[in-house]
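I have placed the structure first, in the form of structure tokens, so that the comments after it can refer back to it.
Taken together, the values in this text are just the output of simple stated rules run on the coordinates, not laboratory data. In this text, all values refer to a predicted model and were calculated from it rather than measured experimentally. Please note: Cβ atoms are built from the backbone with ideal geometry, for glycine as well, and neighbour counts cover all protein chains shown.
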Amino acid sequence: MATANSTPITKTTEGGVDYFTATRAGVEYCAYFMASAGKWFVASHRLALGRHDGGGKYYDRVEDCKAFAALPTLLSMGAL
């Protein structure tokens, strides 16, 4: 786990895909790079809604999502 901007970011790998998770302002985010689309997909889930389904958004650059603003820097430093 690495922390930047007070947002802990954790990494897990399943099936050869790296998944990054972070929680910011009561919302849990999960990001992964979709090679087939050439973009990052960030799924979001508001924790106050319990097990309710969340949404998601595609990003050309993962750092455009505030929860993962420091991810490229952390990866380049080998922190994750």
DSSP bridge pairs, the stretch 9-80: antiparallel proportion in percent, nearest 5: 100 percent
DSSP-assigned coil residues among trypsin sites (Lys or Arg not before Pro) in the chain, each with at most 14 further Cβ atoms within 10 Å: ARG51, ARG61
Size of electric dipole in the chain: Cβ of Lys, Arg +1 and of Asp, Glu -1, about Cα centre, debye, nearest 20: 180 debye
Calculated FRET value between GLU63 and GLU14, using beta carbons and R₀ = 30 Å, to 0.05: 0.85
Inverse mean reciprocal Cα-Cα distance (Kirkwood Rh) of the chain, Å: 12.9 Å
Label-point gap, in nm, between HIS52 and ALA35 - each point 7 angstrom along Cα→Cβ: 3.7 nm
Residue-by-residue Karplus 3J(HN,Hα) for the stretch 41-52, coefficients 6.51, -1.76, 1.60, Hz, glycine and proline x: 10, 10, 8, 10, 8, 6, 5, 5, 8, x, 7, 5
